[in-house]
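Here's the structure, in structure tokens; my notes come after.
The values are calculated or read from the model by the stated rules, or taken from the named source; none is laboratory data. Note that the structure is predicted; figures quoted are calculated from it, not measured. Neighbour counts are summed over all protein chains in view; Cβ atoms, including those assigned to glycine, are modelled from backbone coordinates with ideal geometry. The protein model used for the area step is the full one, side chains on, heavy atoms only, and it has no ligands, DNA or RNA in it. Shrake-Rupley method; radii C 1.70, N 1.55, O 1.52, S 1.80 Å.
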Amino acid sequence: RSHSANVGPLFDKEEVRAAMLLRLNAFAKGYSAVRVETAQMLSAMLNKGVHPLVPEWGSVGASGDLTPSAHIALAMIGEGYVEYKGKQVKAKQALKAAGIKPIRLMAKEGLALINGTTMMTGVASLQVSDTWNLVKHAELIASLSLQVLHGSLEPFLGRAQQVKPHPGQIKSARNMRNLLRGSKLVWNRSDLSKIRKDLQKRIEKGDEVVNSGVHVQNVYSLRAIPQILGAVRDALTYISERVETEMNSANDNPLFFTDLGIAYQGAHFHGQPIALPMDVLSISITEIGVLSERRLNKVLDPVRNEGLSAFLAGDKAGLRCGFEGLQYIPTSLIAECRSLCNPVSIQSIPSNGENQDVVSMGLIAARKARDIKDRIEYVLAAELLAACQAMEERELSKASASAKTVYALLRSEIPPYSTDRALSDDMEKVKSLIHHGVLLDALQSKHGIEL
């Protein structure tokens, strides 16, 4: 009761369910000294959809997530509030309707329910899953932008990745090759060889050569896709390992080792193993957005977009704004995400009479990564909208098979831009397509491409 003191907006149902499931999994390790009935009640609440209302603000991640976890435990004893069948009601009322009897806690059980990294790990696990989805979409959307900008295939050469063999870079370059396979909108080495021979013949004949149209080196937002998104992939591998380890651990205190005959007093509840990776996750997600925003700028800039119309306004540029207004959104969101990247895993403030003198702020780090991820999904949505609109000014028949599939799927939801219209609804629809992995599912089912 005393620790149910969190304030602010509520965690969503998915996050609360994740936390409840992870606490149940921690109990299943057998070191927390709780009765089977207590674990069974958590299971029953999950299965019957009784979800405690948990405010977001307040955890310092020291003895884990004492305060948000207390709100979950409060509901188990029939107090506080829950979400049940889409309504916010008193816990006692919902438990009765669901046929669950409030529990009377015994020795150690109150502490076992609130002491541990439950909430931060639940939120973190969802963000890790969503970010893997995000980096895959970043590669997919980059492949569309690269085609409408007549980029080069050469930076993704498989042999070249082997001499700088970061696993993420190798994977990202391979994905780009698969996504660009069959495209006639990008340069490849055979194209360049033919053009160079033609140029040489023209020079030998004495013809004036002003502009060959060959870009030996693309800008970094096109050329360095494997190096940048590959680094994000490698960071995600590290983060995933740490989060999965914490998900499958006994992380409260004290822990009971009956074979040794001791109640172990340690600090398994401390959130630093989650806080540090979540700070890295915030930086990694933001980098996905930074790369995307730069490509979007290139697609919209008539000086740099290889002959596309200004802001993709078509032949009415000046009378119509095209995607000029849309560009402001990712620009703003990137600035906001950069400010959110300030690490919190080092922001320890002592509490509890100096007993908790070094705290992790792990839940803040996980929430921050979530808030950044939500914004970067919009950034990628803006780039995808622009890339598909730019396809209207290219020969779609020359695009890769994967690009045609993505274009058709997006156009089934959103019509082409023909005159100025409000784009907020378009952004929400595309963000939803990205978040729910619809485009990736289509790629796998139609082309066997798994990023």
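Descriptive notes on the structure:
- Meets criteria (in a loop (DSSP other than H, G, I, E, B), at pLDDT below 95, closer than 30 Å to G30 by Cβ and of a type in the set (D, E, K, R)) for D252: yes
- Residue within segment 46-61 that is small (G, A, S), over 20 Å from N115 (Cβ atoms), open to solvent by 10 Å² or more (accessible area, probe 1.4 Å) and under 32 Å from the mean Cα position of the chain (by Cα) present: yes
- Meets criteria (more than 18 Å from the chain's Cα centre (by Cα) and either modelled with pLDDT of 95 or more or not small (G, A, S) (or both)) for I114: yes
- Test: L296 is part of a loop (DSSP other than H, G, I, E, B) and under 23 Å from S145 (Cβ atoms): no
- Extreme residue, nearest to Q356 (Cα to Cα), among residues of segment 266-289 that are open to solvent by 30 Å² or more (accessible area, probe 1.4 Å) and not in a loop (DSSP other than H, G, I, E, B): Q272
- Qualifying positions in segment 408-418 - surrounded by fewer than 19 Cβ atoms within 10 Å (Cβ to Cβ) and in a helix (DSSP H, G or I): A408, L409, R411
- Residue that is open to solvent by 10 Å² or more (accessible area, probe 1.4 Å), of a type in the set (G, A, S) and at negative phi, where the choices are A26, A107: A107
- The condition (being buried (at least 22 other Cβ atoms within 10 Å of the Cβ) and outside any helix (DSSP H, G or I)) is satisfied by just one residue among L363, L380, L308, L385: L308.
- Counting only helices (runs of 4 or more DSSP H) that sit completely within segment 105-195, those holding 2 or more residues that are aliphatic (A, V, I, L, M) correspond to 109-114, 118-148, 167-180.
- Members of segment 378-431 that are free of Cβ contacts under 8 Å to residues at least 24 places away in the same chain and basic (K, R): K404, R411, R421, K429
- The condition (being in a helix (DSSP H, G or I) and among the basic types (K, R)) is satisfied by just one residue among R421, R375, R394: R375.
- Yes/no for L326 being surrounded by 16 or more Cβ atoms within 10 Å (Cβ to Cβ), out of contact with any Pro (no Cβ under 9 Å at 6 or more places or on another chain) and not hydroxyl-bearing (S, T, Y): yes
- Residue in segment 131-169 that is most open to solvent (accessible area, probe 1.4 Å), counting only those that are over 21 Å from the mean Cα position of the chain (by Cα) and hydrophobic (A, V, I, L, M, F, W, C): V163
- Members of segment 379-402 that are small (G, A, S) and out of contact with any Pro (no Cβ under 8 Å at 6 or more places or on another chain): A381, A386, A387, A390, S397, A399, S400, A401, S402
- Test for A94: is it at pLDDT below 95 and either small (G, A, S) or open to solvent by less than 20 Å² (accessible area, probe 1.4 Å) (or both): no
- Every residue from segment 30-45 that is open to solvent by less than 50 Å² (accessible area, probe 1.4 Å) and under 13 Å from M76 (Cα atoms): T38, A39, M41, L42, S43, A44, M45
- Qualifying residue in segment 68-88 (condition: open to solvent by 50 Å² or more (accessible area, probe 1.4 Å), within 27 Å of the chain's Cα centre (by Cα) and not basic (K, R)): yes
- Residue match in segment 224-243 (condition: without any contact (Cβ under 8 Å) to a residue 40 or more places away in the chain, out of contact with any Gly (no Cβ under 9 Å at 6 or more places or on another chain) and buried (at least 16 other Cβ atoms within 10 Å of the Cβ)): yes
- Given (1) open to solvent by less than 70 Å² (accessible area, probe 1.4 Å); (2) out of contact with any Asp or Glu (no Cβ under 8 Å at 6 or more places or on another chain), number of the condition I434 does not satisfy: (2)
- Search result, residues across segment 330-355 that are assigned to a helix (DSSP H, G or I) and either among the aromatic types (F, W, Y) or open to solvent by 80 Å² or more (accessible area, probe 1.4 Å) (or both): R338
- Enumeration of residues in segment 284-312 that are free of Cβ contacts under 8 Å to residues at least 12 places away in the same chain and of a type in the set (A, V, I, L, M, F, W, C): V303
- Applying a threshold of 8 Å to beta carbon distances and a minimum spacing of six or more residues, or different chains, the list of pairs starting in segment 338-364 at a residue that is among the charged types (D, E, K, R) and ending at one that is open to solvent by less than 20 Å² (accessible area, probe 1.4 Å) reads R338/T286.
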